[in-house]
Amino acid sequence: MMTDLFSAFDPATSMNLSLNWMSTFLGFLIIPPTYWMLPSRYNSLIKTIHIKLHTEFKMLLGPSSASLSIMFISLFTFILCNNIMGLLPYVFTSSMHLIYTITLALPLWLAIMIFGWVNHTQHMLAHLIPEGSPVLLMPFMACIETISNTIRPGSLAVRLTANMIAGHLLMSLLGNSMVTAPEQLVPLIMACQISLVLFEMAVAFIQAYVFSVLSTLYTSEVTYELT
């Protein structure tokens, strides 16, 4: 039972061992083995989504780095599974926490930056100053581009976390108010709760898509333009 509104964000189930983070991989554990062996409508749907994503990511990455699209498709699938699993009752939503989202965004951004600066140092330096910038503004433009590039993993992490927190907080508020609400208002609150769950399912899909697309765009700046 929740003691307060924010207890849903507490990842600790005990003082010794936190089992809530196990829900991150819960979606993969409950997939039936027949999904991988026999074709079905769900298999066809997921395959269609993956093909569409591969076509889009391949266009963003360029022909020389099209094979990287499988990494971003896997990233999209992983985030989507965790977002959807978080909508189930009594399942811990790991994507609401910065420690989860920054763990996804920071290593990817670091790998892109290390690859770019090690292999294409001159091009990375040139990328800090937009083409056609006045000579007097070049130092300021370089500082602005450096700052905007540095905060990218943070913006990715905060965007996903904030959007997931907003919907879950609203659902927690409606759920808690249903206990003390008059009987006449219970059907209305339940209808709002169901509508909000459907809306959050769309948000879960959109946020996974946005995270993977932005990661692809950041990678394309290094792989597509510099190779």
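The values are calculated or read from the model by the stated rules, or taken from the named source; none is laboratory data. Source: prediction; values computed, not measured. Backbone-built Cβ (ideal geometry, glycine too); neighbour counts: all protein chains shown. Note: accessible area is taken over every heavy atom of the protein model, side chains too, but ligands, DNA and RNA are not part of it. Shrake-Rupley method; radii C 1.70, N 1.55, O 1.52, S 1.80 Å.
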Worksheet item: Going toward the positive end of the dipole of the chain, with +1 on Lys and Arg Cβ and -1 on Asp and Glu Cβ, which of Met141, Ile151, Gly27 do you reach last?
Response: Gly27
Fill in: Carbon plus sulfur fraction of accessible area for segment 76-227, probe 1.4 Å, in percent
76
Practice prompt. Treating only the Cβ atoms of Lys and Arg (+1) and Asp and Glu (-1) as charged, compute the dipole magnitude of the chain about its Cα centre; round to the nearest 20 debye.
Written response: 480
Item to complete: Round to a whole angstrom and tell me the spacing of the C-alpha centers of segment 159-188 and segment 64-125.
Response: 29
Practice prompt. Take Met171, Met190, Met178, Met59 and sort them by solvent-accessible surface of the protein heavy atoms, 1.4 Å probe, largest at the top.
Written response: Met59, Met190, Met178, Met171
Discussion item. Solvent-accessible area of Phe205, probe 1.4 Å, all protein chains present, reported in Å² to the nearest ten, please.
Written reply: 80
Discussion item. So for segment 11-225, averaging the separation of alpha carbon pairs under 8 Å that are six or more residues apart and normalising by length, what relative contact order in percent results?
Written reply: 30
Worksheet item: Between Rg and the Kirkwood Rh of the chain, both from Cα atoms, what is the Rg to Rh ratio?
Response: 1.06
Discussion item. Suppose a student asked you for the relative contact order of segment 26-141, using Cα pairs under 8 Å spaced at least 6 residues apart; what percent would you report?
Written reply: 13
Worksheet item: Counting only heavy atoms of protein chains, what accessible area per residue, in Å², does segment 11-225 have with a probe of 1.4 Å?
Response: 61
